[in-house]
Amino acid sequence: MKTFKNIILKIFLLIAIFGLPSQAQIKSQNNDIWLHYVGKNMLTKKLSFTLEGSMRYANGFSQKQQYFIRPSFDYQLTKHFLGSIGYSHYNTYVYGSPAINKRQIPENHVWLQGTLNHQFGDLKLTNRLRDEFRFVGIASAPSGSTEYSINDYKYRNRLRYMVLATYPILKKDKKTTLFGILGDEVFMNIGALGTDLSKNNVGKTFMNQNRIIAGLGYIINPHHQIQLSYIHQNIWNFSDTIEESNPTVRISYLTNFSFAKK
């Protein structure tokens, strides 16, 4: 547990040392809507299988932004600590003006994650650290052509750290029915940053994304829950020539089922 806390402290030190990325040359904004699903399925008292998926749209529903599917296995190592191993498949579309991508970009991730939960009275505090081993499709076009295709995949490493607080707003029979959500998630490129982008797989910026999160959750019953969140998403592209600042509405549906023997 001390190791996990030390990693979090080192992340904040890295952010302080490197600072935020230099101001991007072009700033753009997209008004996004994300449709999101998370399904947790208990296989034993400690082992669970989680399936997460999302379809994301830019500028209302007028443009597809991205979709992903993310299965994982999770193991409750201690009362407060959950360890996970998972896989993610992404597809990021061409959207916005200017667009970050020349064509649709596929990505495949294998990742490791630790989640630390603490309860302080009614307040629940979650710290989550994920290490993503990314294989990102690289778009290229023959000389003199504007037809881009994926001819290669490059390895990139990214750390994601999220802190999230939840607090009950309404209760019925001493059980929470409505709760508030507040948090932040930072995405950090790991590796040797450099201006010669042909020779590194990280890019020019330490920061890849940042998401400020605020919202409400409604517990329908122990197995079903819905959440409505506002997320302010900032994205810095690989060459740090474009910074997206995207106001986002996320609608989430969560399920929780147990198939463990009692």
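The values are calculated or read from the model by the stated rules, or taken from the named source; none is laboratory data. Keep in mind that this is a model prediction, so the values were computed, not measured. In this analysis, Cβ positions are derived from the backbone assuming ideal geometry, glycine residues included, and neighbour counts consider all displayed protein chains. Ligands, DNA and RNA are excluded from the accessible area calculation, which covers all protein heavy atoms including side chains. Shrake-Rupley method; radii C 1.70, N 1.55, O 1.52, S 1.80 Å.
Summary of values
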quantity: Residue in region 109-119 that is open to solvent by 40 Å² or more (accessible area, probe 1.4 Å) and either assigned to a loop (DSSP other than H, G, I, E, B) or of a type in the set (D, E, K, R) (or both) present; calculated: no
quantity: Strands (runs of 3 or more DSSP E) contained entirely in region 121-197, each with at least 3 residues that are of a type in the set (D, E, K, R), touching a Phe, Trp or Tyr at 6+ places or on another chain (Cβ under 9 Å) and modelled with pLDDT of 95 or more; calculated: 123-140
quantity: Of the criteria (1) in contact (Cβ under 8 Å) with a residue 60 or more places away in the chain; (2) within 13 Å of the chain's Cα centre (by Cα), which one residue 210 fails; calculated: (1)
quantity: Residue 169 β-branched (Val, Ile, Thr), more than 17 Å from residue 250 (Cα to Cα) and open to solvent by 20 Å² or more (accessible area, probe 1.4 Å); calculated: yes
quantity: Selection from region 75-92 of residues that are within 17 Å of the chain's Cα centre (by Cα) and closer than 13 Å to residue 42 by Cα; calculated: none
quantity: Residue among 181, 190 that alone is open to solvent by 40 Å² or more (accessible area, probe 1.4 Å) and of a type in the set (Val, Ile, Thr); calculated: 190
quantity: Residue check, residue 95 of a type outside the set (S, T, N, Q) and in a strand (DSSP E or B); calculated: no
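Okay, residues lined up against (1) open to solvent by 40 Å² or more (accessible area, probe 1.4 Å); (2) touching a strand residue (DSSP E or B) at 6+ places or on another chain (Cβ under 9 Å); (3) on the phi < 0 side of the Ramachandran plot; (4) of a type in the set (Ser, Thr, Tyr):
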| site | (1), (2), (3), (4) |
| --- | --- |
| 92 | no, yes, yes, yes |
| 96 | no, yes, no, no |
| 128 | yes, yes, yes, no |
| 144 | yes, no, no, no |
